[in-house]
Amino acid sequence: MTERSGDRLLETAGTLSETVLGRWAAEVDREGRFPRESLAALREAGLMSYFVPARLGGAGGDLANFARIASLLGEGCLSTAMIWAMHGQQVASLADHAAESHGGLLEEIAREGMVVGSVTSEFGKGGDLLTALAPLVAEDGGYRVRRAAPIVTAGGEAGVYLVTMRAGKDVPTSDVRLVCVRPEDGAVTVEGGWDAMGMRGTTSVPMKLDVRVAAERVLATPFRAIAVQSMIPVGHVGWVASWFGAARGAVRRAVRALRRRAAKGGRPLNSELLLDRLAGVRVSLDLIESLLGRVAAELDGLRAAGAPFAAYQDIRLNILINNLKVAGSTLAFSVADRLVELMGLNDGYLRGGELGLERTFRDLRSAALMFSNDRLLAANGKLMLVEGSGLSGLFG
Amino acid sequence: MAGPGMDGLGERLTRLLRKHLTFLAPGQELPPEASLRELGLNSMNAINLLLEIEEEFGVVVPDELLVADTFQSLTALESVIASLLGEAETA
């Protein structure tokens with residue numbers, strides 16, 4: 001991606017966030033429906049092919065700009081930003097690990113801009129991304145993919161799903177493969193609704209899959225490598241960038257409102273308490289942005305250098321990537337929480353207020369829960385105990 | 001492999017290993033040379049296993065021994081722990 005095309009994408013994302021995403025965000029939240037107008041606008045602007053390599057018709061973008069775009073989108077509508085970021089996670093996984101075998105699919109994504117969904121959740125396995133219970137079963141030279149998933153973001157709206165499946169019934173649950181499934185392959189059904197406190201536009205619904213796919217639909221690279229090298233790092237950067245954007249947007253709106261009101265003879269701006277609270281949320285924003293930029297730059301360095309898998313298994317890097325998610329989710333929510341306090345009942349707490357703070361608060365409450373911080377902190381604690389060892393690359 | 005005073009090392013290790021080996025059926029014998037990875041040991045539960053071993057035997061496995069070879073099989077693990085126990089005894 002050239003600097004100029006990167007700038008153009010950023011400009012487009014900023015404009016769309018204000019004119020389209022921001023316009024529909026309240027309705028999408030109220031009705032708990034998929035933000036189709038916003039996704040259509042992103043598709044039309046070519047943003048759905050951000051991670052598709054340039055030779056296959058995409059932007060071939062890096063993580064630094066991915067984060068900037070997700071932040072801009074998050075300012076307008078966090079549900080849309082999250083759907084886009086998670087789509088980016090999937091496309092990056094394909095681009096990094098299946099650009100040769102699935103080049104046609106990547107070209108199609110660049111051309112059509114359909115959402116690529118992710119099916120990794122599964123009943124009975126807890127939140128462990130790296131394991132899968134339901135096995136691939138050989139059938140007519142291809143495979144039967146039959147399984148349920150409790151939560152699929154953009155479920156029922158995606159044109160392709162990347163589904164984790166155990167490689168076979170006689171292999172460990174950690175031997176996982178990623179399979180491309182399309183709605184037209186067979187029974188791909190939404191089994192329930194998504195009536196959540198926040199992130200209501202993500203339509204993260206339960207689904208059932210029962211399809212037969214050709215053998216080529218199974219990615220050759222083991223899922224663990226895809227997850228460690230692409231899906232987890234790209235995901236954490238994209239999610240945190242989206243949350244950061246939502247928090248930054250809320251602060252901007254609050255500051256504008258404060259000045260407008262003061263100018264009309266309302267609450268004066270020289271209150272020390274107010275200034276102190278305002279300055280405090282900026283500290284949190286700057287901390288997130290700084291960690292986000294640092295992690296994105298380090299990952300971009302690895303990606304540009306074509307670093308081997310072992311580099312992504314480095315314990316220090318994994319602790320850092322986990323901490324980005326833990327810190328970003330906690331700080332972004334605390335910004336929304338403190339803004340509600342700062343703006344008070346009328347502008348902060350009431351539904352339907354022009355600042356939308358109450359929505360941002362509910363949306364960001366989810367941040368610590370998805371890919372649970374508790375789990376990440378437990379993992380980090382364990383990793384720290386063996387940080388000086390070669391244990392990370394043990395079973396890559 | 002097991003020297004005097006180390007009777008049962010293999011059994012004790014097998015007992016600790018068993019719960020991390022999702023592909024070893026209850027009651028099924030653990031072949032000493034079988035790949036622990038193929039039996040379901042992954043890097044995260046290898047860390048749990050390590051901490052349990054250190055508690056059970058009162059030894060600390062040094063960083064330079066925390067490598068794939070150590071966790072290859074029951075035999076490999078047993079030999080590392082036996083040598084650490086030996087060092088502890090002679091120290």
* Label-point separation, residue A:290 to residue A:125 (7 Å along Cα→Cβ), nm -> 3.8
* **Net +/- balance of residues flanking residue A:215 in space, Cβ distance below 13 Å, scoring K and R +1, D and E -1** => +1
* Along the charge dipole of chain B, which of B:73, B:86, B:41 sits closest to the positive end, that is, farthest toward it, with unit charges on the beta carbon of Lys, Arg, Asp and Glu (+1, +1, -1, -1)? -> B:41
* Per-residue average of Cβ from other chains inside 10 Å of B:43-53 -> 5
* Asked: Calculated FRET efficiency, residue A:27 and residue A:369, Cβ-Cβ r, R0 25 Å, to nearest 0.05?
  -> 0.55
* Asked: Picking from A:381, A:345, A:361, whose Cα lies most toward the positive end of the charge dipole for the range A:322-389 (charges on Cβ: Lys, Arg +1; Asp, Glu -1)?
  -> A:381
* Asked: Once you put a point 7 Å from the Cα of residue A:316 and another 7 Å from the Cα of residue A:267, both along the Cβ direction, what distance in nm separates them?
  -> 4.5
* Calculate, for residue A:354 and residue B:55, the FRET efficiency according to 1/(1 + (r/R0)^6) with r their C-beta to C-beta distance and R0 56 Å; round to the nearest 0.05. => 0.45
* Against the longest alpha carbon principal axis of chain B, how many degrees, from 0 to 90 and to the nearest 10, is the axis of helix B:74-90 turned? -> 20
* Asked: Going by alpha carbons, how many degrees (0 to 90, nearest 10) lie between the helix axis of A:315-344 and the longest principal axis of chain A?
  -> 30
* Which loop-located chymotrypsin sites (Phe, Trp or Tyr not before Pro) does the range A:64-143 contain, where loop means any DSSP state but H, G, I, E or B and the Cβ has at most 14 other Cβ atoms within 10 Å? -> A:123
* Asked: Pairing the Cα long axis of helix A:3-16 with the longest principal axis of chain A, what angle in degrees results, from 0 to 90 and rounded to the nearest 10?
  -> 60
* Mean projected area (nm²) of the alpha-carbon convex hull when chain A is viewed from all directions -> 19.7
* Asked: Which ³J(HN,Hα) values in Hz, rounded to whole numbers, follow from the phi angles of the range B:36-45 under the Karplus curve 6.51 cos²θ - 1.76 cosθ + 1.60, where θ = phi - 60° and Gly and Pro get x?
  -> 5, 4, 5, 8, x, 6, 10, 5, 6, 7
* Would you mind counting up the charge near residue A:151? Only other residues with Cβ under 12 Å from its Cβ, with Lys and Arg at +1 and Asp and Glu at -1. => -2
* To do: With no solvent and one equal point scatterer per Cα, compute the Debye intensity ratio I(q)/I(0) for the range A:54-99 at 0.16, 0.17, 0.22 Å⁻¹ and report its log10, rounded to two decimals.
  => -0.45, -0.51, -0.78
* For residue A:100, net neighbour charge (Lys/Arg +1, Asp/Glu -1) across residues whose Cβ lies under 14 Å away -> -2
* Asked: Where does each of A:176, A:163, A:326 land when they are ranked from fewest to most other beta-carbon atoms within 10 angstrom?
  -> A:326, A:176, A:163
* Structure fact -> Given backbone amide H placed at 1.01 Å from N, residues whose amide H is under 5 Å from that of residue A:119, ignoring those fewer than 5 places away on the same chain, are A:162, A:163, A:164
* Asked: Using θ = phi - 60° and the Karplus form 6.51 cos²θ - 1.76 cosθ + 1.60, what ³J(HN,Hα) does each residue of the range A:133-142 get, whole Hz, x for Gly and Pro?
  -> 9, 5, x, 5, 10, 4, 7, 6, x, x
* Kindly provide the chymotrypsin sites (Phe, Trp or Tyr not before Pro) of the range A:296-396 that DSSP labels as loop, not H, G, I, E or B, and whose Cβ sees at most 11 other Cβ atoms within 10 Å. => none
* What ranking of A:180, A:77 emerges when the number of other C-beta atoms within 10 Å of each C-beta is taken as an exposure proxy, fewest first? -> A:180, A:77
* In order through the range A:219-228: 3J(HN,Hα) via Karplus (6.51 cos²θ - 1.76 cosθ + 1.60), integer Hz, x for Gly, Pro -> 5, 6, 5, x, 4, 3, 5, 5, 5, 5
* Using only the Cα atoms, work out Rg/Rh for chain B, with Rh taken as the Kirkwood radius, to two decimals. => 0.94
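Just so you know, all these numbers are worked out from the coordinates, no wet-lab data involved. This one's a predicted model, so the numbers in the text were calculated from it and none came from an experiment. A quick note on method: Cβ atoms are made from the backbone with ideal geometry, for glycine too, and the neighbour counts reach across all protein chains shown.
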